[in-house]
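Visitor: The structure follows.
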Amino acid sequence: MINLPKWFKTFLMFNAGHTYSNLSRLFLRLFTGLMFLQMGVRQMTHLGEFAHSATGAMGLANESTLVAIVVLEIVCAVFIILGLFTRLALIPSIGVMIYAETVMMSATSVSSAGQMFIFEPGYPIMFLGIFAYMLLAGPGKISLDYLFAIHTLDGNKDEDESEVLEKA
């Protein structure tokens, strides 16, 4: 058995019990949302260049599919950053990343598909993993979803707000 100093054991145990999960969810939402937003804005600014790389989906033409993807990326990214309807915003975001991965896998060249989505192969899978985690974990207490739930969806108006916060 390794003999570790007491301060080190205390440090490890303290951090194991205090994970700062709400702060880490906020960071993950902000970081991932900004990355997703940046991708959507880049596609929007170069829409004409990427139109030839797009493949139609759900019966839409190539350009219509690309416009729908860009709108979904920007709107969902803003909702994820704000923590507003986060889980609902993650569902179309997951769909966009599944579409991106299928385009990347079916492309004749990596450069044409990568040009459309402004990333290298593997990024859609990374986004899918992060989005799946956020879908399961939720937005956390530092979000508009949480404030919305506290102030509007609480059916027990007799309870004090501090009691409601402790239950969450």
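Visitor: Would you confirm, using the coordinates I've provided, whether Gly155 is exposed (fewer than 11 other Cβ atoms within 10 Å of the Cβ) and either at positive phi or at pLDDT 85 or above (or both)?
Guide: no
Visitor: On the given criteria, is Leu135 assigned to a helix (DSSP H, G or I) and at pLDDT 80 or above?
Guide: The answer is yes for Leu135.
The values are calculated or read from the model by the stated rules, or taken from the named source; none is laboratory data. Note that the coordinates shown come from a computational prediction; the quantities given were computed from them, not determined experimentally. Cβ: placed from backbone, ideal geometry, glycine included. Neighbour counts: every protein chain shown.
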